[in-house]
Amino acid sequence: MNGMFISVVESASSRDDAEAASAELEGTIWPELGILHGDEFESLDPGSWTVYAGPFNTASEAQDACRFILNREAGTKCVGRRISQDPADRDLNFPPTPTSSATSTTSTGPTRDRDLSAEEIYRLIAPSVAYIVNGTGTGAGSGILIDGGYVVTNYHVVEPYQDVLRIVFPDGTEFWNIPVAGSAPWADLAVLGPIDVAAPPVGLNDRGQIVPGNNLYLVGYPAEVAEFPQPSITQGVLSRTYQETETGLTVLRTDASAVGGQSGGAMVDARGNVIGVTMRGFADRGISGITEAYSAADYAALVDAITLDPVLPGARSDGESVPRLLEGTFISVVVSASSPTAAEEARGDLEARFWWLPFGILVSDDYASLNPGYWVVYVGPFPRPEDAQNVCWYELDMRTGALCYGRFLSQDPTDREVVYPPSPVGRE
């Protein structure tokens with residue numbers, strides 16, 4: 001590891017103490033952890049055993065691991081070191097500051113030095129949380145206004161269309177036919193806009209209190225049907241955090257309740273920092289008291305990576321938007337239904353059993369590559385046919401083409417012939 005960077009998380013006086021500390025950390029965080037004896041490198045304090053995260057190629061990566069993943073914001077809690085045999089490198093101690101990940105989406109202004117009341121949280125955050133009506137007007141969710149006039153929400157709130165019908169803010173300001181500027185369907189993330197709105201933007205915060213047991217709040221629009229609604233606030237505690245295997249994103253779990261419409265809303269800590277974007281609740285699946293959000297810091301990094309070029313509008317013969325965001329991708333068609341109601345019921349059943357997979361619904365007339373006249377419940381989209389095949393085979397355990405078949409989405413009718421059965425592609 002000579003010349004690499006590490007985040008020194010713990011210093012122990014014995015190997016046994018270091019192994020115990022490492023085992024405890026491995027149960028709560030996901031970076032690669034290791035143990036070094038201080039005498040192995042002169043840049044480390046001699047005589048001690050060091051529990052570290054890493055190695056990393058740059059100091060910035062080690063800093064970001066301290067701040068965003070380990071949630072240790074002070075240099076006294078997580079010390080960075082360059083590993084070398086040069087004693088002078090013992091002076092290269094870098095505090096965890098948001099270097100590579102600090103962008104406009106993580107800016108929140110001055111850090112508050114006390115916990116806020118629920119009323120203060122609501123006054124601070126609610127004006128920046130929008131009510132979103134999807135492209136067909138058949139579903140709704142929440143969104144968070146960030147710098148640049150963009151609104152961050154969940155992809156499943158807007159899918160599969162390239163714009164949303166309405167965005168409404170608590171002061172009554174509304175916007176119509178706003179484009180989806182970019183998306184990461186695998187992370188359930190969509191970015192809308194830009195819009196010119198007077199509401200203050202908030203940051204997707206990397207400095208929040210992300211410690212189990214801390215108070216937090218959900219701000220959004222659960223089960224809302226009013227034309228000009230006001231956001232709701234729900235209070236709970238942070239139950240736990242974990243890294244989601246499928247996406248690599250950090251998930252924040254709370255006992256604060258969330259139902260349909262809350263998706264895309266803000267998870268806020270007691271200091272008023274937006275630490276998460278609500279993405280699923282479990283009340284509609286017979287599980288009460290569990291709501292999960294993706295880490296706001298993880299979303300901030302993705303927002304910065306998304307190309308925010310407006311998607312050119314398209315139209316079907318009936319005037320509705322064509323979901324070109326899925327054009328050229330692969331999906332696994334799980335259910336074909338004769339009505340939107342039957343399709344919604346089928347998707348609800350699948351989501352209850354396979355909640356970690358990204359299910360969606362398409363009108364088959366949207367793409368000439370699908371058989372027209374029915375509603376398609378699909379899992380995806382995927383960049384390669386192999387990915388769709390593997391989901392059929394391994395995740396859904398549907399091992400015949402009659403149960404789960406793949407399609408390439410395009411406007412070319414000849415692509416209707418491109419049907420691939422679920423087979424164990426790319427795996428032994």
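Where a number appears in this text, it was derived from the coordinates with a stated rule and is not lab data. None of these values were measured; they are calculated from a predicted model. Note that we place each Cβ from the backbone using ideal geometry, even for glycine, and neighbour counts take in every protein chain shown.
Rounded to the nearest whole Hz, the Karplus-based 3J(HN,Hα) values (6.51 cos²θ - 1.76 cosθ + 1.60, θ = phi - 60°) of region 123-140 follow the sequence 4, 6, 9, 4, x, 9, 9, 9, 9, 10, 10, 5, x, 9, x, 9, x, 9, with x at glycine and proline. Share of pairwise Cα-Cα distances greater than 27 Å in region 105-303 is 19 percent (whole percent). Extension gain, E26 to A352, is 114.4 nm, computed as 0.36 nm per intervening residue step minus the present C-alpha separation.
Here region 338-367 is scanned for amide nitrogen atoms under 11 Å from the site 7 Å beyond the Cα of V259 along Cα-to-Cβ, giving none. Remark: the D17-A342 segment gains 111.2 nm on full extension, using 0.36 nm per residue and subtracting the alpha carbon distance.
Net charge of the neighbourhood of V168, taken over other residues with C-beta under 12 Å away and scored Lys/Arg +1, Asp/Glu -1, is -3. Summarising the label geometry, the points placed 7 Å from Cα in the beta-carbon direction at Q235 and D196 lie 4.1 nm from one another.
Dividing the alpha-carbon radius of gyration of region 324-420 by the rule-of-thumb value 2.2 N^0.38 Å gives 0.98.
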